[in-house]
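The values are calculated or read from the model by the stated rules, or taken from the named source; none is laboratory data. Because the structure is predicted, anything quoted here is derived from the model rather than measured. Cβ sites come from the backbone with ideal geometry, for glycine too, and all protein chains shown count toward neighbours.
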């Protein structure tokens, strides 16, 4: 590998780290804004979505420029393709942050009808899965990839319990329909963020090992563990 190609790969890797911090930071702040119904924080998150999009586009430009000018082959090309896809996944997570922040705007004048426990927990689980997956991409460290399956199982149970709890509330109250709907939507965004983490982790395994795996299946009784 040429020194110049190494420099370009390092540049893109650094930008991905920045994008990860931006996207996860925005997502967790959006969840905090929803928990507190904090309009000011939600507005800040919406503003940050522009920076996240610009950073993602910058990574895409860098990848295409490196492919065109440095003519990477084999493993290096696989790494660049992975960086490109990962940037898109992080951008999507940033979009979920924006959508949650928008829901906070729609909640103006409303109140929570229950203490929020499940949703912050789901957000934290999503954050953990993203961090594990990104460690595989940025540091080529696959040592914790297998933990994703356990985290998914915990997330699935937490989501199911939350839906059951919301259903019980709706049976006795007819004035909480809109907020209950927001709980379900925000919960789905947490699930989707974790889904993107699994896609990133699959790309990490492919980038490092050159093997394609399907994660998220072990706890459903199917084979699909990542290689060590």
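Summary of computed values
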quantity: Matching residues, region 70-107, being assigned to a loop (DSSP other than H, G, I, E, B) and at pLDDT 95 or above; calculated: 107
quantity: Residue within region 171-185 that is in a helix (DSSP H, G or I), closer than 27 Å to residue 54 by Cα and modelled with pLDDT of 95 or more present; calculated: yes
quantity: Residue match in region 109-129 (condition: more than 25 Å from residue 164 (Cα to Cα) and either in contact with a helix residue (DSSP H, G or I) (Cβ under 8 Å, 6 or more places away or on another chain) or assigned to a helix (DSSP H, G or I) (or both)); calculated: no
quantity: Residue pairs meeting the criteria (Cβ under 8 Å; at least 6 apart or on separate chains; first farther than 22 Å from residue 193 by Cβ, in region 110-125; second part of a loop (DSSP other than H, G, I, E, B)); calculated: 110/37; 111/37; 113/173; 113/176
quantity: Failed item, numbered, when residue 52 is tested on (1) buried (at least 16 other Cβ atoms within 10 Å of the Cβ); (2) more than 22 Å from residue 80 (Cα to Cα); calculated: (2)
